[in-house]
1. When you scan the stretch 355-372, how many residues do you find that are free of Cβ contacts under 8 Å to residues at least 60 places away in the same chain and within 32 Å of the chain's Cα centre (by Cα)?
2. Is it the case that the stretch 173-180 has a residue that's part of a helix (DSSP H, G or I) and out of contact with any strand residue (DSSP E or B) (no Cβ under 8 Å at 6 or more places or on another chain)?
3. Quick one: in the stretch 410-442, which of the residues that are closer than 20 Å to residue 487 by Cα and without any contact (Cβ under 8 Å) to a residue 40 or more places away in the chain is most open to solvent (accessible area, probe 1.4 Å)?
4. Given 200, 209, 195, 215, which one is basic (Lys, Arg) and touching a His at 6+ places or on another chain (Cβ under 7 Å)?
5. Out of contact with any Asp or Glu (no Cβ under 6 Å at 6 or more places or on another chain) and over 21 Å from residue 58 (Cβ atoms): is that true of residue 108 in this structure?
6. Can you tell me which residue among 388, 401 is within 30 Å of residue 229 (Cβ to Cβ), open to solvent by 60 Å² or more (accessible area, probe 1.4 Å) and either in contact with a helix residue (DSSP H, G or I) (Cβ under 9 Å, 6 or more places away or on another chain) or outside any strand (DSSP E or B) (or both)?
7. Would you tally the residues in the stretch 232-255 being open to solvent by 40 Å² or more (accessible area, probe 1.4 Å) and either of a type in the set (Phe, Trp, Tyr) or touching a residue at least 24 places away in the same chain (Cβ under 8 Å) (or both)?
8. Need the failing condition index for residue 134 against (1) over 22 Å from residue 330 (Cα atoms); (2) crowded, with 21+ Cβ neighbours inside 10 Å, just the number.
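The values are calculated or read from the model by the stated rules, or taken from the named source; none is laboratory data. On a predicted model such as this, the values are computed, not experimentally measured, just so you know. Reconstructed Cβ throughout: ideal geometry from the backbone, glycine too, with neighbour counts over all protein chains shown. Accessible surface areas use protein heavy atoms only, side chains included; no ligands, DNA or RNA. Shrake-Rupley method; radii C 1.70, N 1.55, O 1.52, S 1.80 Å.
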Amino acid sequence: MMRLRAAIVSIPLILLAAAAHAQKSGGTLRGLLGDNPPSASLHEEITASVVVPLMAVFNNLVIYDQSVARNTFDSIRPELATGWTVSDDGLQLRFALRRGVRWHDGKPFTAADVGCTFDLLLGKGEQKLRQNPRGIWYENVERVSVDNEFQVTFHLKAPQPSLLAFLAAGWSAIYPCHVPPPQMRRHPIGTGPFKFVELKSNERVRLEKNRDYWKPGRPYVDAIEHSIIASRATRMLAFTAGRADMTFPSEVTVPLLNSLVKEVPAAQCTLRPLGVTYNVIINRDVAPFDDARLRTALALTIDRKAVADIVSEGKDLIGGSMLPPPAGVWGVGADALNDLPGYGGDIAAAREKARALMREAGYGPDKRLKIKVSTRNTASYTDQSVILIDHLRQIHIDGELETIESGVYFNRLYQKKYTVVVNATGSSLDDPDQHYAENYGCGAPRNFNGYCSPALTALIVAQSRERDVERRRGIVREIERKLAGDVVRPIITHPVAAACQQPYVKGMTIMVNSIYNGWRYEDVWLDR
C-alpha cells in the first residue's frame, strides 16, 4: 500500500515515522530530470532542475533542517556557521564559522570565501555573475565584513528578520574565492557532501561522495545520478520499472499519482503544494498587449476552477500570487479577489465582458487575434499552455503553442522575446520579502515583463519594515489586490504534486512548502 507521508494542506502535516533501521552505506541514488540544467551555478539560475541535482555540491552558512518537512524560522540550523548573534539594533548579524572544512579541491574554507560569495551577490567584487537572480535578496545588506579567519558580519541598512531565512534557502550556497564564476557554471567546487562529476546534456548529472566531508559518517550513498529524459511518460516508466529511485519532486500530478500507486503499491509518495504558481507573463510593451483592454480580456477568460479540475482533480489551490491559506501563511484566497478580473466565479459572464473588450479593440469572430503562446518544453508547462489556448479561443484569440528548451527559455524571458508565456514561478520561501522583491519590484530579476509601479514598490517596502504581523498581513492583502487588478501576471493556480521514492530509499524528507530547499541528500541511504 502507498504510504502518503504528508496530507495536502493539512497544518501541521502528519508524517509517517521513519523506520528504525541501521543506515547502510553504498550504492547510487538514481533521480530523474525532465530537461537540461542551464548551468551548474546555483547563484546564476532559477529553475528547480538546477537546485534539485546540485544543491548537494554545496553548503550554506545556515540551512533549513533537512529532516523537518516544513521550512520555518524554528527549523533553521547552522551549517558552515556554528552559530550567530544579532546586535541589539538589528543592524549586525554575526556568524562564527566552522573550522577544518575543505573545498572539494582540497583548499581550506575560511571567512574570505563567505566575503567573496557576498561580494558576487552584492556586485562589489572584481568577479561578476553572468546573471544574479537573487541579488535582490541582499539589497538591504550594506556590506559583509571578514572580521577574522572564522568570523563574518553582515551589516544591514535596516533591521530585516527575513535575512536569516534567505541565507537558509537551498540557493544560498557559499562559493570559493579561488574558483571563478565561469568554472562554477561548468564544474562547480563546493564543500558539500557530494562532488560534481559531470553535467552531460540530454544524458545525466552525476555527483560522487565527498569522502572528506566535514560531517563524520556522511553521506551514506556513493553517488547520485540524475538521468535527463525529455518524455514524462518515459520518466514515469523508468520509476515504475525500478530504473529510478525517485521522481522529480514536482513531477507526479494527481492523475499520474493514481496510476503510479497501482504500478508500485509500496511507493513512498508525498502530495503537497509546491510553493509554485502557474502564471501568464504578458509582454505589456509591444502590440497587441500594450492595450490594457486585451490584458484584462485575457485575465477574464481564465477559468481557474476548470484548470484545477483537469490537472489535479480539483486539488490545485486558487488565490493570489502568494500561497493561499490554509497551506500559506501570507497569501489570500480567491474570496479576497472576487471583484477583480478572472476571480468572480461566473466564467460565462466574465468571458462576455472579455469579448466586449476584444470588440472595442477591433477583434471579433471575423477578425481573430493570432498570437504565439510560448512555454518551457516540460510536460507540466505544456499541459497548462494547452488549456490556456482553449480558454483564449473563447474570446477570439487563436494561440499557437511554442515550446522552448530550458537552456534557451529563461534567456528569452530576460530578453522579452515573447508575446504571452505560460510560466511557473517558485518561491524559495513563504515570505513576502522574497516573493515580492524578486518578482514584482522595479528592475527585479524575475520581473520578466518589466512592470514597474512606484505605488506597489512603496507597499513592498512598507510590508518589509512592518513588525506587527496583522498590519503586515493587511499590506500584503493590498499588494495582492493591486497585482490582480493591474493584470500584472495573472495567476492560474497554485499546483499540488507528489514526490515519490522507491520503498528502499530511506532518510529522505520531502519539504512540503518549497521544492527548492530539501536536496542535500547527506542523510539518504538505500536499504536494498
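1. Residues meeting the conditions: 2.
2. No; the residues of the stretch 173-180 include none that is part of a helix (DSSP H, G or I) and out of contact with any strand residue (DSSP E or B) (no Cβ under 8 Å at 6 or more places or on another chain).
3. Across the stretch 410-442, the extreme among qualifying residues is 417.
4. 195
5. no
6. 401
7. The total comes to 4.
8. (1)
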